[in-house]
Amino acid sequence: MSTQNDDRNGSKPRTRLKRRRFLGGLGAGGLAAAGVIFGRTPAAYATVSVDCCNLCHSPSISLNTCRGYSSHYIWECEQSSSVYCLCCETAASGCPSGVKSAVSCYLN
Amino acid sequence: MLVVFAVALLIVAAAVVILFAMLAELATRVPERSGPARDPQIRPLEEARLGHAPTGWPAGLPDPEHAVLLVLSTVCNSCRDVAEQLVVDPGHADWTGMAVIVSSASRENGEEFIRRYRLTGFPVHIDAGGAWLTEEFGVHTSPGALVFRSGKLISAHVFNNVSSLRSALETVDYENTRQEQRAQKEAV
């Protein structure tokens with residue numbers, strides 16, 4: 001026998017409300033978890049390979065220009081037994097968009 | 001029934017999200033192989049100041065009486081493969097007297113390199129800007145190996161294959177020890 005408080009499906013409005021809140025909570029929890037997993041913004045680090053160099057960005061300046069920056073970082077790597085490359089970056093922490101790179105290879 | 005279905009759907013969605021996150025994390029931990037592919041040749045590092053006794057020695061490094069410093073850089077492609085060789089392929093955790101020097105533009109970059117390539121199991125020193133290596137030894141090339149005996153830099157090498165390097169150094173050590181023993185015998 002249905003009562004005044006039952007809807008057509010036979011469930012009470014209070015029960016339906018509880019179910020909605022529960023499902024809503026589950027959904028919000030899932031979204032929050034996804035946000036935590038993918039929402040962390042790790043610092044961007046070097047990802048571009050040019051010869052034997054591993055740089056933040058593709059080379060866009062000359063080696064001399066890079067050396068002209070007061071806080072540049074320059075290091076050498078071995079491309080082959082007879083070829084070495086100088087890898088230069090206008091130094092910074094991580095790989096912010098302003099960092100410029102240069103590569104210059106020479107025969108040893 | 002609806003609740004059970006909704007919970008099951010949420011669990012499946014969470015599992016897919018976590019799976020993709022794990023795959024992405026795994027992909028970032030696998031270094032790309034590039035450059036001289038584990039060339040077993042060991043070449044002299046011409047720029048190094050052989051015979052120099054360093055004026056400063058970073059804390060945590062092996063005693064320069066008998067030490068090998070492997071010089072890696074964050075801007076060096078093959079250094080990533082060298083790191084992999086040290087850690088797992090084949091792994092050199094048993095190499096006594098060896099330490100890793102990471103040259104990088106900044107301390108943060110060096111720390112990221114150590115973290116990403118799991119070098120925390122070795123004695124490691126970050127040389128921000130490469131200043132210590134350049135000023136003390138005139139070294140600015142990687143991957144490199146600096147060999148110290150009795151507190152002085154006695155040899156420096158460019159390498160890509162850690163096992164070959166280690167083998168070569170152990171052979172030199174063995175030969176030197178034999179020569180010393182022969183010399184001592186003759187003195188007696």
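The values are calculated or read from the model by the stated rules, or taken from the named source; none is laboratory data. These numbers come from a predicted model, not from an experiment. Heads up, the Cβs are rebuilt from the backbone with ideal geometry, glycines too, and the neighbour counts pull from every protein chain shown. The protein model used for the area step is the full one, side chains on, heavy atoms only, and it has no ligands, DNA or RNA in it. Shrake-Rupley method; radii C 1.70, N 1.55, O 1.52, S 1.80 Å.
Points worth noting:
- Residue in the stretch A:82-108 that is farthest from the other protein chains (Cβ to nearest Cβ), counting only those that are within 29 Å of the chain's Cα centre (by Cα) and among the polar types (S, T, N, Q): A:Ser97
- Number of positions in the stretch B:91-117 that are under 13 Å from the mean Cα position of the chain (by Cα) and over 26 Å from A:Ala92 (Cα atoms): 6
- Scanning the stretch A:75-95 for residues that are β-branched (Val, Ile, Thr) and surrounded by fewer than 21 Cβ atoms within 10 Å (Cβ to Cβ) gives a single hit, A:Val83.
- Of the residues in the stretch B:96-111, at least one is more than 12 Å from chain A (Cβ to nearest Cβ) and either open to solvent by 40 Å² or more (accessible area, probe 1.4 Å) or of a type in the set (Asp, Glu) (or both).
- Residue within the stretch B:74-82 that is surrounded by 17 or more Cβ atoms within 10 Å (Cβ to Cβ) and over 18 Å from B:Arg38 (Cβ atoms) present: yes
- Of all residues in the stretch B:73-82, those being more than 10 Å from chain A (Cβ to nearest Cβ) and touching a strand residue (DSSP E or B) at 6+ places or on another chain (Cβ under 7 Å) number 1.
- Matching residues, the stretch A:47-81, being facing chain B (nearest Cβ under 10 Å), within 15 Å of A:Cys105 (Cβ to Cβ) and assigned to a loop (DSSP other than H, G, I, E, B): A:Asp51, A:Cys52, A:Gln79, A:Ser80, A:Ser81
- B:His66 vs. criteria surrounded by 15 or more Cβ atoms within 10 Å (Cβ to Cβ) and more than 10 Å from chain A (Cβ to nearest Cβ): no
- Which listed residue, of B:Thr171, B:Thr177, B:Thr134, is modelled with pLDDT of 95 or more and of a type in the set (Ser, Thr, Tyr): B:Thr134
- Counting only residues that are within 14 Å of chain A (Cβ to nearest Cβ) and of a type outside the set (Lys, Arg), the stretch B:41-63 holds 7 of them.
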